[in-house]
1. Of the heavy-atom accessible surface of the chain (probe 1.4 angstrom), what whole percent is carbon and sulfur?
2. Counting each DSSP H run of 4 or more residues in the chain as -39500 (n - 2.57), what helix-only mean residue ellipticity at 222 nm follows after dividing by all residues, to the nearest 500 deg cm²/dmol?
3. Identify which of Pro103, Pro47, Pro65 has the largest mean-square fluctuation in a Gaussian network model of the chain, with springs joining Cα atoms closer than 10 Å.
4. To the nearest µm²/s, what D does Stokes-Einstein give for region 1-116 at 4 °C and 1.567 mPa s, using the Kirkwood radius over alpha carbon pairs as Rh?
5. Accessible area per residue, 1.4 Å probe, Å², for region 52-96: what's the number?
6. Using only alpha carbon pairs under 8 Å that are at least six residues apart, calculate the relative contact order of region 1-70 and give it in whole percent.
7. Which pairs break 21 Å Cα to Cα here: Lys11/Lys54; Lys27/Lys63; Lys21/Lys68; Lys21/Lys84?
8. Using a Gaussian network for the chain with springs between C-alpha atoms less than 10 Å apart, which of these wobbles most: Ser23, Ser15, Ser77?
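The values are calculated or read from the model by the stated rules, or taken from the named source; none is laboratory data. Everything numeric in this text was worked out from a predicted model, so none of it was measured. Note that we place each Cβ from the backbone using ideal geometry, even for glycine, and neighbour counts take in every protein chain shown. Heavy atoms of the whole protein, side chains included, go into the accessibility calculation; ligands, DNA and RNA do not. Shrake-Rupley method; radii C 1.70, N 1.55, O 1.52, S 1.80 Å.
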Amino acid sequence: MNELGFIGPLKKEMSTFILLKRSIGNKYQSEVGVLKRFDRYLTENYPVITGLPKASATGWCTKQPHEKQANLCSRASVIRQFAKYIAGTGHAAYILPNNYYSPGPQYVPHIYTQNELMCFFAETDKCHF
């Protein structure tokens, strides 16, 4: 059952969660890496839990200094889905609320007007090498 190499207190649940996701058509490749890192975290910090306490979920979803906000949101999303699965199997699990972590500022592209484009190309036509 644990061919994915999980070693922590929720190894069985993680394996069956991934099998469920794949059985309904999700590739679930990069998420396995997130769950493996979460598994190591649980093994080191919560070796005897049976559910998913709030402290374990929020502790692991703390933003790291090298990490972008979007990556944190991605990790939190995987943990949220896993917590929903745990809760659905009858175990106590803290489910991170949607948008618990703000995705951060979004890039807003500038759409050039026709006049701006004409001015831009007029100036580039004046350039000589």
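1. Details: 4980 of 8570 Å².
In the chain, the share of accessible area belonging to carbon and sulfur is 58 percent.
2. Numbers: 5 runs with 69 residues, N = 129.
Calculated from helices alone, the mean residue ellipticity at 222 nm is -17000 deg cm²/dmol.
3. Fluctuation is largest for Pro65.
4. Values: Rh = 15.5 Å.
Estimated via Stokes-Einstein, D reaches 83 µm²/s.
5. Values: 2150 Å² over 45 residues.
For region 52-96, the per-residue accessible area is 48 Å².
6. On the way: 45 pairs, mean separation 23.5, N = 70.
Relative contact order of region 1-70: 34 percent.
7. Distance filter (> 21 Å) returns Lys27/Lys63; Lys21/Lys68.
8. Ser23
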